[in-house]
Amino acid sequence: MLFAKAQAQNYDESKVPAYTLPDVLTMADGKMIKNKASWEKKRRPEVLNLFENNVYGQMPKTYDKLTFKVTNDVPNAMDGKAHLKEITITVTNANKSADIHLILFTPNKIKKAMPAFLLINNRGKDNTDPTRTNKSEFWPAETVIESGYAIAAFHVSDGAPDNKDTYQNGILQLYPEQQNTDNGMKAIGAWAWAASRVMDYFQKDERIDAKKVFVVGHSRGGKAALWAGAQDQRFAMIFSNCSGNTGAALSRRRFGETVQVINNNFPHWFTINYKKYNNNENALPIDQHMLVALIAPRPIYVTNATQDLWADPKGTYLSLIHAQPVYALYNKLSGLSPEPPAINRPIINSFLGYHNREGIHNLTAYDWQNFIRFADYHYPNQR
Ligand code: GTR
């Protein structure tokens, strides 16, 4: 009985346990990091490695072959406003291959290479309908095109099916050595890895400005977007929507979803090693503010929703606060106040952007509207 009680979810701020976060600028051997050169040379690789080994798993760096094939090409999609391309990205390794299906719209009114939003789609494929028969706030392609950006998406199932019994049937087939390794890649790592292969494609598409590709994800997709941005610095900006536990929220607060709950419900998301931290967050050598810090000095925008306490809005905002010392090494000051902003009051003119939207756990038109504002702020006059 006592055990069951200890496991109950906490939604009461006064019951958040006292905790001490690992200091993002202190090396494991106790040395302090004082400038960006030693952050980049010493501490950043150390932190990245801690996340790889303990949380998201290794990211294979090589493959035998990578090919891109345009399978559908519609120059006058969206009533002539956009050019649609569907591309199959095929990765081959260990005599196996896996396909990532990319849907891409670029605006027709602008001829130069365009900045692009890439959604890691964790919901139904109908949310990213290339025919535009179905339109969804989850991926408001028309709005993004009107705003002068390209918009793209792939479905998580191409990286790894989101299922504890079948998650191996994606790109993990190409890397069998990852499968029973304590720090081996799992589903969220595979989704982030797939996003990097899309980035490889963008670097070859002359309509895309590959230096301005923004990765977007919601919830479990928002966790993958953060990890993609942390380990692949080609992503210029990260949008992590309602990402919650093992996303942007601090684990040590144990508010809403906890490490134990997420590992029990989704054993296929994170490494075998991560299970060691069930009900044992203080033993983690990292907390999620350090994942945000790995994005520095690139801009990052993080969100919550008021009815989504499961994802710990306050703990998410605090991650941004505690990532600030790394942004400060680059003189990228965010000016965040210690307390979260009011509901529906987005923080746009900052390297660490944030809003807490009124409403439920979802990715909505409001969220995208602010993503576009944040992109416009950081890349003015791009269109
Ligand atoms: C929940 C899970 C969250 C979040 C969410 C989602 O069930 O506990 O961590 O990932 O799913 O992806 O919508």
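Hey, can you tell me all the residues within the range 211-231 that are open to solvent by 20 Å² or more (accessible area, probe 1.4 Å) and more than 16 Å from the ligand (Cβ to nearest atom)?
Result: Lys211, Lys212, Gln231.
If you check every pair at least six apart or on different chains, which have Cβ atoms under 7 Å apart with a residue in the range 361-378 that is in a helix (DSSP H, G or I) first and a residue that is basic (Lys, Arg) second?
Close Cβ pairs satisfying both conditions: Tyr366/Arg357; Asp367/Arg357.
Residues of the range 134-179 being open to solvent by 40 Å² or more (accessible area, probe 1.4 Å), acidic (Asp, Glu) and either assigned to a loop (DSSP other than H, G, I, E, B) or within 28 Å of Ala365 (Cα to Cα) (or both), which ones?
Glu137, Glu142, Glu146, Asp162, Asp165
Just one of Trp368, Trp310, Trp269 is of a type in the set (A, V, I, L, M, F, W, C), more than 16 Å from the ligand (Cβ to nearest atom) and modelled with pLDDT of 95 or more; which is it?
Selected residue: Trp368, the only one of Trp368, Trp310, Trp269 that is of a type in the set (A, V, I, L, M, F, W, C), more than 16 Å from the ligand (Cβ to nearest atom) and modelled with pLDDT of 95 or more.
Can you confirm whether Ile343 is assigned to a loop (DSSP other than H, G, I, E, B) and touching a residue at least 40 places away in the same chain (Cβ under 8 Å)?
no
Determine, yes or no, whether Ile347 is within 16 Å of the ligand (Cβ to nearest atom) and either under 22 Å from Ala141 (Cα atoms) or out of contact with any Lys or Arg (no Cβ under 8 Å at 6 or more places or on another chain) (or both).
No.
Okay, residues lined up against (1) assigned to a helix (DSSP H, G or I); (2) exposed (fewer than 13 other Cβ atoms within 10 Å of the Cβ):
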{"residue": "Arg43", "(1), (2)": "yes, no"}
{"residue": "Pro60", "(1), (2)": "no, no"}
{"residue": "Lys69", "(1), (2)": "no, yes"}
{"residue": "Ile87", "(1), (2)": "no, no"}
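Could you check how many residues of the range 243-256 are within 11 Å of the ligand (Cβ to nearest atom) and touching a Gly at 6+ places or on another chain (Cβ under 6 Å)?
Count: 3.
Considering only the range 264-279, state which residues are of a type in the set (S, T, N, Q) and either touching a residue at least 12 places away in the same chain (Cβ under 8 Å) or within 21 Å of Asn35 (Cα to Cα) (or both).
Asn264, Thr271, Asn273, Asn278, Asn279
State whether the residues of the range 280-302 include one that is in contact (Cβ under 8 Å) with a residue 60 or more places away in the chain, surrounded by fewer than 20 Cβ atoms within 10 Å (Cβ to Cβ) and within 16 Å of the ligand (Cβ to nearest atom).
For the range 280-302, residues in contact (Cβ under 8 Å) with a residue 60 or more places away in the chain, surrounded by fewer than 20 Cβ atoms within 10 Å (Cβ to Cβ) and within 16 Å of the ligand (Cβ to nearest atom): present.
Sort through Val70, Val16, Val91, Val47 and tell me the only one that's over 23 Å from Ile295 (Cα atoms), in contact with a Leu (Cβ under 7 Å, 6 or more places away or on another chain) and not polar (S, T, N, Q).
Residue meeting the stated conditions: Val91.
All but one of (1) of a type outside the set (A, V, I, L, M); (2) crowded, with 21+ Cβ neighbours inside 10 Å; (3) out of contact with any Leu (no Cβ under 9 Å at 6 or more places or on another chain); (4) part of a loop (DSSP other than H, G, I, E, B) hold for Gly247, so report the exception by its number.
The one condition Gly247 does not meet is (3).
For Phe235, indicate whether it is within 14 Å of the ligand (Cβ to nearest atom), in a loop (DSSP other than H, G, I, E, B), over 10 Å from the mean Cα position of the chain (by Cα) and not polar (S, T, N, Q).
no
Spot the failing condition for Ser240; the list is (1) out of contact with any helix residue (DSSP H, G or I) (no Cβ under 7 Å at 6 or more places or on another chain); (2) within 12 Å of the ligand (Cβ to nearest atom); (3) assigned to a strand (DSSP E or B), and only one is missed.
Every condition holds for Ser240 apart from (1).
The values are calculated or read from the model by the stated rules, or taken from the named source; none is laboratory data. All of these numbers come straight from a predicted model, not from anything done at the bench. So basically every Cβ, Gly included, is an ideal-geometry build from the backbone, and we count neighbours across all protein chains shown. In case anyone asks, the SASA skips ligands and DNA or RNA and just uses the protein heavy atoms, side chains included. Shrake-Rupley method; radii C 1.70, N 1.55, O 1.52, S 1.80 Å.
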